[in-house]
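Just below is one structure, and these are the notes that go with it.
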Amino acid sequence: MSGSHPVSASGRDEEWFVVLPDCEAALAVAAALDPGATARRLDHASGRPWLIGHWDPRDLVVGSAGRTRVALVGCCPASAEEVARMAGRTRTAADLDGAARSLPGSFHLVASVDGVVRAQGTAFGVRRVFHARVGDVDVVADRADVLARLAGSGVDERRLAACLLFPAAPPALAGASLWRGVSAVPEDHCVLLGERGRARTVRWWEPPRPTTSLARGAPLVREALTAAVAARVRSGRTVSADLSGGADSTAVCALAVALTGRLLTFTVASADVSDDDAEWAAVAAAGLTGVERLVVTDDDLPRPYADILVPGVARDEPYPDIHLRAEDVARARLLAARGAELHLTGDGGDEVLHAPASYLPELLRRHPWTAYSHLRGLRALHAWSWPRVGRLLAAPRDERREL
């Protein structure tokens, strides 16, 4: 097959999957996947290969009805029976929009609906999908490097250079694939593969209008967070969680221990006298029943940039926290030694609940007194100097000049 190369992910047993269209031309791609025949495989109703890869069986739920197959890969509380009913209600690939928006958890949704394939990740990019032309068909995968190996393409050096500017990379390049010939599907889009193996993307999610008040919104956030934690602990794995003393990790721990009855928590007690996180973590733990604590100090963990030149787990793009990779590995090993199989963190709490300061210039033009009140609070919180405030409130510059 022209342009097809045998591939077995990275050869290090990482999880990956490839989604194939329901056509004869896709058989050659399937043959090039994992020559060692150790990959798992699911088929279309036609009997042709649909989903091939390496995944934990506990992270896959599949339901079928007639010529429709629906698979959820990742963390989702839906049962096989519920997914089968979902498949039974599906007449076209677009019918799955509602399910994709309403199901809690973090998962890929892959469907085969009477010869049309749909694949998507999460609306906020935690799980992503990519597509590329391989031989005579377009193929989808959750990892760009797997597609690049299939297509025989290499790294796009210009995009890689832009990626290494993180977090200052231009928005136009954010989320782009770093491999030539491999396209990233936008987070709010799904990719469809027709019967001839051609890919197109369709938007399935839009952010809700910001019309809900704080009083009405707070209970909704609680319900969503409760459902999200429940989705992750339902797998039956032994759960651990960060307990830093902050509101985000404390809330996650409280929900997790309430749902499981037992929780291993992880706290780093800093030697910095101005860092009181460990004190607040102790206060939080004292109010939770069923918590087993693992408390370490900075001396128990590797320093930043430790083992920076030692190859780690293969990824399809640079790891943003590469300077903390050795610490992440050490933490995982400590928790695994205590039996933990699934770890929860408070990451993302600030991003969800704290607005970025970039909203201030527009607010200043529309509602100056409200903006001034917000600015005073943010300036006190972050100890901003007046020159920095001036730069913040200045008119935005174009991306080329900013870069």
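The values are calculated or read from the model by the stated rules, or taken from the named source; none is laboratory data. All values reported here derive from a predicted model rather than from experimental measurement. Note: ideal-geometry Cβ built from the backbone for every residue, glycine included; neighbour counts use all protein chains shown. Side chains are part of the model used for accessible areas, which takes the heavy atoms of the whole protein and leaves out ligands, DNA and RNA. Shrake-Rupley method; radii C 1.70, N 1.55, O 1.52, S 1.80 Å.
A few comments on the model shown:
- Between Ala227 and Glu292, the simple spin-label model (points 7 angstrom out along Cα→Cβ) gives 3.2 nm.
- Region 82-179: trypsin sites (Lys or Arg not before Pro) in DSSP loop, at most 11 other beta carbons within 10 Å: Arg91
- D by Stokes-Einstein for region 10-105, Kirkwood Rh over Cα pairs, 37 °C, 0.692 mPa s: 227 µm²/s.
- In whole angstrom, region 155-240 maps to an equivalent ellipsoid with semi-axes of 33, 20, 19, each derived as √(5λ) from the alpha carbon gyration tensor and ordered largest first.
- Using a probe of 1.4 angstrom and keeping all protein chains present, the accessible surface of region 165-296 works out to 58 square angstrom per residue.
- The chain, dipole about Cα centre (Lys/Arg Cβ +1, Asp/Glu Cβ -1), debye to the nearest 20: 1180
- Rounded percent of accessible protein surface that carbon and sulfur make up, the chain, 1.4 Å probe: 54
- With the simple model of a label 7 Å out from the Cα in the direction of the Cβ, Ser235 to Leu364 spans 4.6 nm.
- Computed FRET value (nearest 0.05) for Asp299 with Asp347, which takes r as the C-beta separation and R₀ as 30 Å: 0.80
- Heavy-atom surface of region 26-85, accessible at 1.4 Å and reported per residue (Å²): 41
- Considering only alpha-carbon pairs that sit under 8 angstrom and 6 or more positions apart, the relative contact order computed for region 82-148 is 19 percent.
- In terms of its C-alpha gyration tensor, region 180-289 comes out prolate, because a/c is 1.5 or above and the ratio a/b outweighs b/c.
- Each residue of region 194-210 was assigned a 3J(HN,Hα) from its phi angle through the Karplus expression (A = 6.51, B = -1.76, C = 1.60, θ = phi - 60°), giving x, 5, 8, x, 9, 9, 8, 10, 9, 6, 10, 9, 9, x, x, 5, x Hz with x at Gly and Pro.
- Note on Arg196 and Glu82: with the Förster distance fixed at 41 Å, the Cβ-Cβ geometry gives a FRET efficiency of about 0.80.
- Amide proton proximity set for Glu341, modelled H, under 5 Å, gap of 5+: Thr238, Val239, Ser240
- Ellipsoid equivalent to region 255-352 - semi-axes via the Cα gyration tensor, in Å: 26, 17, 14
- Within the chain, all pairs of alpha-carbon atoms sorted by distance into 10 Å bins from zero give the percentages 4, 18, 26, 27, 18, 6, 1.
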